[in-house]
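The values are calculated or read from the model by the stated rules, or taken from the named source; none is laboratory data. Because the structure is predicted, anything quoted here is derived from the model rather than measured. Virtual Cβ from ideal backbone geometry, glycine too; neighbours counted across all protein chains shown.
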Amino acid sequence: MTSIGTGYDLSNSVFSPDGRNFQVEYATKAVENGGTAIGIRCKDGVVLAMEKLVTSRLMKKDANKRIATVDRNIGVVSAGLVPDGRHFVSRARDEASSWRSTYKAPIPVASLANRMGSYVQAFTLYSSVRPFGITAIVGGFDAETEVDVDGAVGSGPKVGSGGKTQGVKEGGPYLYMIEPSGLYWGYYGAATGKGRQAAKAELEKLNLDPKKGDTISLEEGVKEAARIIYVAHEDSKDKEFELEMTWISAVSGPTKGRHEDVPKELKDEAERLAKKALEGDDEMEE
Amino acid sequence: MAAMMQSAMPTSEPGYSFSQAPQSVAGGPRQHGFYPYTDNGGTTLGITGSDFAVLAGDTRSTSGYNINSRYAPKLFKIGGTGSANEGARIVLSVVGFAADGNALKERLDTVVKMYKFQHNKEMSVHACAQRLSHILYNKRFFPYYVHAILGGLDENGVGALYSYDPVGSYERETCRSAGAASSLITPFLDNQVNLKNQYDPTSGSGLEKVTKAPQPLSRQTVEELVTDSFTSAAERQIEVGDGLQMFIITKDGIEEKYMELKKD
Amino acid sequence: MNHFPVGWGRPRDDVYGAYNPSYLPQSHGGTQANPITHTQSPIVTGTSVLAIKYKDGVVIAADNLASYGSLARFTDVKRLKQFNRKAVVGFGGDVSDMQYLDRLLNSLDVEENYGGDAPAESGPHMSAKNLHAYLSKVMYKRRSDFNPLWNAMLVAGLDESDKPFLAYADLLGTTYSSPSLATGFGAHLAQPIMRRAVPNEAASRELSKEQAVECIKECMKVLFYRDARSMPVYSIAVIDGKGVDLKEDEKLENQSWAFAEQIRGYGTQTV
């Protein structure tokens, strides 16, 4: 590594002469060692999935969740240092609840991503702190129908002055990825962690861009997510892992606008298909 | 108790959908105010014997002329384990403002449970009695508006009964009634338990008369006195009725009895 | 110093000048802002809430009116709030306090769902009993701070073992439970009708959903006849093992004002 011995990597927030911040880059390394996390923005919702590497056989299955709920309609999954991920989630929850008490409405996913981006970036500015050792994927669904403002009374005028314009479509599924530098972009499909390269290659094959025709449905997304995590796991096959998967649909969809675990039956089916797809690949190779 | 508190009576004022109607001074400017107390009616009663204590209370809850509920117990087991207070040996009865009664019960219950964890033994009734007094007295400038009676067995296995005023003044007694019908029940108890105005018929007349000395009563006698007290109170006091709940505390634990009272 | 005991130990006016009360609140002759004041009366109010337990669950209803004194100010106010799939709260009393409580319950629900991420159809949920315990403690705390939330409310739903649960809580922190409950005017007018259907717990275990809904609808009608701060459009919710069925735009059916002909008095008739 070019940074070693130069001294420019010893303190956070210090630039090297060629304009790099090595502490941030080291944080990125921490992310690259973590289990793979992905997010898929589908036509009618978002899927989050995590390859949870089993670090001990003494740990209970399906416990110690890695995907967290931040607000009713928003979930976060991260790859990298687990405690950093927990702190990120805790801050995101505070942001979401303070937004609620200020604006009496749920926080839009974009605003949450913006605030968390700023928060993470602040940890690259001071020598007294270190950057987050995680890359977080934030997925959510901003309600398309008008959500009642918390505690709202009355529906207002139906027509005329103060009436609402009919047929305006707002909201929809949103997906963002925030890196240790504080950099964040919106994505159709996002992947991070050890198996991100393989996962990204798979994600690119999916129809996720609405400008290029019909995108995949949420249910297809769930199956693809499971398969992609299994594909991404191929390179670290010696380690056991558990698949953790959550989804968020529209208010009219299966989760009623909430961020929830994918139901067991659907998850089992997705995992079965994922294993089958992998076996198929193996046979073809042979 | 009822006389001490203003209960929501039908007035010529507009009706409101909550219990506290605005207080108005006739003719003067109308002043709205918040009065933090109400009276939920009902009556409680406790009598002790040589190896038991009985606590009883009706189960009616009222607001003015309304019956809130026909089953809202005023008797609570204190201590023991879990939310069902299994194995408890102390009973608290509270009558007056039910919300304060509940808050008081929860506080005392917590204290007694904590005592067991900290000292590894059950709290005695007399210790619990003093603690209850402190809890009430500590809030003397904003009192728990309740008349509490605490019952159990003392260190010698003898029935113990403690009665309190709302600010924690307390006394161990053999017998006490509190609440809406206490003025009806007390003289009955004076006569039947403490044998007031009862004289030895074989003694002479006038100054020669010899008062009868009160003796510890049997459990059956006490239970009969309790039921008679409540059936009679339910006849004459509109805030008393619906059900009678009785806790009998003996060395074997707390036995609960329930019987119906008049519902009108 | 003079011979009046009130002056003993005080600085002499002839030496130090008159006492300067400016730091005191206005109510005590000073110029400072008055001390913190709290709600002394409700402003925009909702009237009765009714509920009845039946064999599998609870039916609860309240009309959609928020009154400003005697003015029917807001006519599409939803006073039944679904907390989760097990509990509904019906609010009477001050509407702004209802909104505060609704926000409080919303944030409570969000926090309850942080862990677990349980799908809607399974997993642990706060029961109506838990919710009532929470709400009544909030109410009691606020009354003890002399800053009451001016509401009377019913919590309807299922307890932790999925049995029907119904309880009351109000601005004083008073709580009670019964097979049927009503707040406000409903306590006078609807409760006697409901008690005819469910005189005791045993009777409520026999009552069918249809009978319960019918009884509530009848009571809403009676309340509209007699409560001047009511309206004929109302919300009704049924909470049972299958979840919450909340309808917020129901209209009273089969009204008959024939009885009005019989009313004499109030100075409008000459005969």
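Go through A:201, A:190 for me and flag whichever is assigned to a helix (DSSP H, G or I), closer than 29 Å to residue A:81 by Cα and at pLDDT 95 or above. Even if it seems obvious, please write down each step before you answer.
Working: A:190 fails: assigned to a helix (DSSP H, G or I).
Selected residue: A:201, the only one of A:201, A:190 that is assigned to a helix (DSSP H, G or I), closer than 29 Å to residue A:81 by Cα and at pLDDT 95 or above.
Every residue in region A:1-36 that is assigned to a loop (DSSP other than H, G, I, E, B), touching an Asp or Glu at 6+ places or on another chain (Cβ under 7 Å) and among the polar types (S, T, N, Q), please.
So the first thing to find is which residues in region A:1-36 are assigned to a loop (DSSP other than H, G, I, E, B), and the list is A:1-21, A:34-36.
From the residues that got through so far, the ones that are touching an Asp or Glu at 6+ places or on another chain (Cβ under 7 Å) too are A:3, A:35-36.
Within region A:1-36, A:3, A:36 qualify.
Every residue, every condition in (1) crowded, with 24+ Cβ neighbours inside 10 Å; (2) without any contact (Cβ under 8 Å) to a residue 40 or more places away in the chain; (3) among the aliphatic types (A, V, I, L, M), yes or no:
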| site | (1), (2), (3) |
| --- | --- |
| B:35 | no, yes, no |
| B:39 | yes, no, no |
| B:43 | yes, no, no |
| B:53 | yes, no, yes |
| B:58 | yes, no, no |
| B:62 | yes, no, no |
| B:73 | no, no, no |
| B:85 | no, yes, no |
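Going through (1) away from chain B (no Cβ under 12 Å); (2) of a type outside the set (Asp, Glu); (3) closer than 30 Å to residue C:145 by Cα one by one, residue C:213 falls short only on (3). Just checking, does region B:101-110 include any residue being away from chain C (no Cβ under 14 Å), part of a helix (DSSP H, G or I) and surrounded by fewer than 20 Cβ atoms within 10 Å (Cβ to Cβ)? Checked region B:101-110: no residue is away from chain C (no Cβ under 14 Å), part of a helix (DSSP H, G or I) and surrounded by fewer than 20 Cβ atoms within 10 Å (Cβ to Cβ). Return a yes/no flag: does region A:42-65 have any residue that is part of a helix (DSSP H, G or I), more than 14 Å from every other protein chain (Cβ to nearest Cβ) and touching a strand residue (DSSP E or B) at 6+ places or on another chain (Cβ under 9 Å). No; the residues of region A:42-65 include none that is part of a helix (DSSP H, G or I), more than 14 Å from every other protein chain (Cβ to nearest Cβ) and touching a strand residue (DSSP E or B) at 6+ places or on another chain (Cβ under 9 Å).
Within region A:70-87, being hydrophobic (A, V, I, L, M, F, W, C) and within 14 Å of another protein chain (Cβ to nearest Cβ) holds for A:70, A:74, A:76, A:77. Considering (1) assigned to a loop (DSSP other than H, G, I, E, B); (2) modelled with pLDDT of 95 or more, the lone condition that residue B:197 does not fulfil carries the number (2).
Among the residues making up region C:73-93, those that are assigned to a strand (DSSP E or B), at the interface with another protein chain (Cβ under 9 Å from one of its Cβ atoms) and either at positive phi or surrounded by fewer than 24 Cβ atoms within 10 Å (Cβ to Cβ) (or both) are C:74, C:81, C:93. Considering each residue of region C:21-36 in turn, none proves to be in contact (Cβ under 8 Å) with a residue 12 or more places away in the chain and hydroxyl-bearing (Ser, Thr, Tyr).
Hey, any hits in region A:217-225 for a residue that's basic (Lys, Arg), within 21 Å of residue A:269 (Cβ to Cβ) and in a helix (DSSP H, G or I)? The answer is yes, given that some residue of region A:217-225 is basic (Lys, Arg), within 21 Å of residue A:269 (Cβ to Cβ) and in a helix (DSSP H, G or I). Only residues that are among the hydroxyl-bearing types (Ser, Thr, Tyr) and either closer than 16 Å to residue A:184 by Cβ or in contact with a Phe, Trp or Tyr (Cβ under 8 Å, 6 or more places away or on another chain) (or both) were counted in region A:93-126, giving 4.
Cβ-Cβ contacts under 8 Å between residues 6 or more apart (or on different chains), taken from a first residue in region C:55-72 that is assigned to a loop (DSSP other than H, G, I, E, B) to a second residue that is hydroxyl-bearing (Ser, Thr, Tyr) and buried (at least 19 other Cβ atoms within 10 Å of the Cβ), are listed as C:55/C:204; C:64/C:234; C:64/C:235; C:65/C:47; C:65/C:230. Quick check on my filter: what residues within region C:167-201 are within 8 Å of chain B (Cβ to nearest Cβ) and in contact with an Asp or Glu (Cβ under 7 Å, 6 or more places away or on another chain)? Once the filter is applied, which keeps residues that are within 8 Å of chain B (Cβ to nearest Cβ) and in contact with an Asp or Glu (Cβ under 7 Å, 6 or more places away or on another chain), region C:167-201 yields only C:185. Here residue A:267 clears all of (1) surrounded by 16 or more Cβ atoms within 10 Å (Cβ to Cβ); (2) part of a loop (DSSP other than H, G, I, E, B) except the condition numbered (2).
Remark: pairs (first residue in region A:248-273, within 12 Å of chain C (Cβ to nearest Cβ) and touching a residue at least 60 places away in the same chain (Cβ under 8 Å); second residue surrounded by fewer than 20 Cβ atoms within 10 Å (Cβ to Cβ) and not in a loop (DSSP other than H, G, I, E, B); Cβ separation under 8 Å; 6+ apart in sequence or on different chains) are absent.
Residue-by-condition table, conditions (1) at pLDDT below 95; (2) exposed (fewer than 11 other Cβ atoms within 10 Å of the Cβ); (3) not hydroxyl-bearing (Ser, Thr, Tyr):
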| position | (1), (2), (3) |
| --- | --- |
| B:207 | yes, yes, yes |
| B:221 | no, no, no |
| B:228 | no, no, yes |
| B:234 | no, no, yes |
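Screening residue C:107 against (1) at pLDDT 95 or above; (2) assigned to a helix (DSSP H, G or I); (3) touching an Asp or Glu at 6+ places or on another chain (Cβ under 9 Å); (4) facing another protein chain (nearest Cβ under 9 Å) leaves a single unmet condition, (1). Within region A:44-94, being surrounded by fewer than 17 Cβ atoms within 10 Å (Cβ to Cβ), at pLDDT 95 or above and among the charged types (D, E, K, R) holds for A:86, A:91, A:94.
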